[in-house]
Amino acid sequence: INTEELEKELAQLTEEESQIERELTNYVQTLVGGGNSKKSNLKSSHSDLSNSKTNDMLSLVRKIENFGPYFEAMQQDTGKLAAQVQECRGLSDRLSGMVRRLDMMQMRSQQALACTEDIINLKECKIKIITAIEEKKLSEAVSVIRQVHGIELKAAKVSDDFDIIMEKEKEVKQLVQKEFGEAIAASNIKSVMSLCPLLQTLGLETEARDNFLSFIEKTIFIAVSADACSVEGATDPATGYAQALSNVFNSTYLIIQQYLPMVIQGLENSLGDVYFIRKLHKRCEQEAGMVLKRYMKYRNIKETVSAIRSSSATSAVSTSAKQSIQPSDIHLIMDELTLLIQYCCRYAKYLKHICNGAEAKARQRTSESFTSSIALLSSSSTDSTVGHVSNPSVMTVIVFEGQTEFDKMVDELINKYYMEGEQWLMKSGVRGALPRHVEDGIKLDESFFVLQKCGLRAIASNNIQAACAVLHCISDLLSSDLLNQAAEMLINSVTKIGSVLQENINKFKRSIAGDSNLENKTATLSKGLKSAITLASSITGTGGAEKDSSNNADGDSATNEADPYGVAAAIDAFNVLESCVRYTDRLSKDIYAAGKTVFETSEDQVEESHTSRQGRSAGKLANQHKGSQISTEMDKLKLCKEDFDASKVAFNNTLRQGAERLAAAAQNVIKDVLTCTLGKTGPYRGLRFDEPDQSFDNQPILSSLPKLVVTPMETMVNISTFNLSDKTKDMIVGLLADACCERLEQFINQTTFRFAGAIKLEEIVRALNALFTRRSSIPVRGKFSRLREVMLVLTADNTTPASAIVDSCSQLTAAEIDAFLSLRIDRKG
């Protein structure tokens, strides 16, 4: 491309730019109106704006240029700071290494000083052990030997005194072995127990263990004896057996607390503590079994339980069987068995606590005596097993594998004899507690007394399995047998109450029918009012009693005053159900409180009585086991409480169902009352709500309303709630109010109205609302809310559109409002 062509192109572009500028100028002048002043103002403002932007940019550039040196200085300082940090890091590493070397030097210095001090002390130890041997003070000599054993062997061999001390140790070992054998031969318990802690230090624990345990069995374990169970001729032999069993366990506790710490100190490496526990438990198991067998023979427990089983298996029990099995005798036996089981369970928990301490120890395998003891333990008995842990040089020993014979004996005593007696007592107490008819007599108090006694007795046994079994049996009896009896009794009572309600409404219908047949039609107004006033007495039968007073005795009149409606016995079924709810709640709370007292503190008592020290690790494991066992026992007890709560809910539901049955039976009564008082075929030629205003007011029955409706309703409420508690009364009144509202709404849907009739019906509704509100201690106004809205629709002006009423009603839909408005025959449009 040459220069001429570029110049031509530039000239062409310049011309086009000039043309566009002229057109733009013309366009701007046209918009502004062509004034020179406006044009100059526009140009000046544009130039000012351009100048301000230029100045701002220049100032920013100057600032950036001025900040440049500072930024370069910051970069340099950052590099210097990073270098200093690296230098400090290296210095810190060197300093840490020096500190570690100083620590190692200090530790080695301390070890050297300790070793030097031990070597120096060896001379003093030599003098002490020689003096102790000369003075026959073996405990002091063994104490010195124990101190020498604590010195590092490599360091001790440097001293010449160490060899002398080792020779003296052999001499001490021979002396201890000799005196220990002489003490055993002479049956000197004091000397034997004082020498026992010295055996393990001298390595004599395996050699002396068997002789020591044989000596202990012959001289100490004989204190665990059942000789005290010879109770013939005693005032209370059963108490003698319990005292004998208590003596057996108390002797065992005393031996463990007095001798086990010394056995652990002297024979632990040879498993002497394990052998000691096993042999002592075997002795206790044997003696306790003798006491229990003699007691069962004394009380003929097996024969009694067999008789109980046979009586429970047959539906009809013979008279001789009833005479031979008395609940009082079974209660006495159960009390005694509970005390014996309590002693056994306390001992079992204590023994388990002791075994946990022995099993918690991590025993070293390195000792030859320990290895031989393990072999002997595994081959001689199946009651103990060896358990391995993560460390191969350490093992643990399980004292008793599974259940012992003592545990099996206690379980048999509980399951085979104790539970049979308790179940028979509870079933006998619940059987026939609530008859089909209340008049036959109620034994509810006696039944719950028996259940409470059995439950608390099971808790006192101190055995969670027995307690839970009895408590589950109680809850099953409550939620099945007793609940079924209560439901059947309530159904029969509701049926009788319903018949009484129907009988009274029939009297009411006959009464107002007689008033409507008066010959003098002009006097019907005053006669009807009088009839309404005396209506209550005619319904309850008081009027009839006055007519036939000559035929009634004084006793009958007194009965009528106490039970004017003849439903006191039937209505008492509701009180019985409410008593079942209260008794079940009280039973649950009492048993749970007793259970917390026993099972939350039983392990604490074991901890307090266990005074032997078996090492910190044993204590920690025992405490963990204690917490888990308490938690498990209390969780089981909580499940039993939940069963009682479920039984309480079941009784409440049955009470509610009975009240609903009663309300359903009262619905027919409510229907008859509304039909015979407000219907077109009622007294005094009936009541017509669709009559014009003047003729409506001339109807004779109006003077008796609303009392003519309220009075039989009030009588119905009185009969249904006679002699009930406030809580049950409120529930039944509420259900009756629901039934009344339902029947009234049905009556309204089948009736046509004019304004005057609707006003009168509203007055009746208000009177019924006031009746139910007066008879209930809780608000029932909400139950009449729908009916009040219905009356609001019926009493509305005959020209009011339905759309104006919808906003005032929350219980009625628009379609229902239209349906009720259609019942007004005087409505316009």
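The values are calculated or read from the model by the stated rules, or taken from the named source; none is laboratory data. Just so it is clear, the structure is predicted and the values come from calculations on it, not from any experiment. All Cβ positions, glycine included, derive from the backbone under ideal geometry; neighbour counts span all protein chains shown. Just so you know, the surface numbers come from the protein's heavy atoms only, side chains and all, with ligands and any DNA or RNA stripped out. Shrake-Rupley method; radii C 1.70, N 1.55, O 1.52, S 1.80 Å.
Loop-resident trypsin sites (Lys or Arg not before Pro) (DSSP state other than H, G, I, E or B) in segment 780-829 with no more than 15 further Cβ atoms inside 10 Å of their Cβ: LYS828. The spacing between segment 53-123 and segment 281-307, judged by their C-alpha centroids, is 83 Å. In terms of Cα to Cα distance under 12 Å, which aspartates and glutamates are near enough to LYS828, apart from those fewer than 8 places away along the same chain? Result set, ordered by chain and number: ASP797. Segment 136-197 and segment 698-728 have Cα centres lying 104 Å from one another. Using the average count of surrounding beta-carbon atoms within 10 Å as a protection proxy, the listed peptides 173-182, 267-276 rank, highest first, as 267-276, 173-182. Our estimate of slack between LEU639 and TYR27, defined as 0.36 nm per intervening residue step minus the Cα-Cα distance, is 210.7 nm. Normalising the average separation of contacting C-alpha pairs (under 8 angstrom, six or more residues apart) by the number of residues puts the relative contact order of segment 704-794 at 40 percent.
For segment 709-798, give the percent of accessible area contributed by carbon and sulfur heavy atoms, probe 1.4 Å, rounded to a whole number. Walk me through the intermediate numbers first.
Values: 1650 of 3340 Å².
Ligands and nucleic acids excluded, carbon and sulfur give 50 percent.
Could you tell me whether segment 719-829 comes out rounded, prolate or oblate from its Cα gyration tensor? Rule is a ≥ b ≥ c as square roots of the eigenvalues, rounded for a/c under 1.5, then prolate if a/b exceeds b/c, otherwise oblate. It is prolate, given that a/c is not under 1.5 and a/b is the larger ratio. Bridging of LYS783 to aspartates and glutamates at a Cα separation below 15 Å is possible for ASP730, ASP738, GLU742, GLU745, once same-chain residues fewer than 8 apart are set aside.
By how many nm would the segment from ASN653 to ASP411 grow when fully extended, if each residue of separation counts as 0.36 nm and the alpha-carbon distance is taken off? Intermediate results must be reported in sequence, preceding the final value.
Working: separation 242, 0.36 × 242 = 87.12 nm, distance 3.83 nm.
The span from ASN653 to ASP411 would gain 83.3 nm if fully extended.
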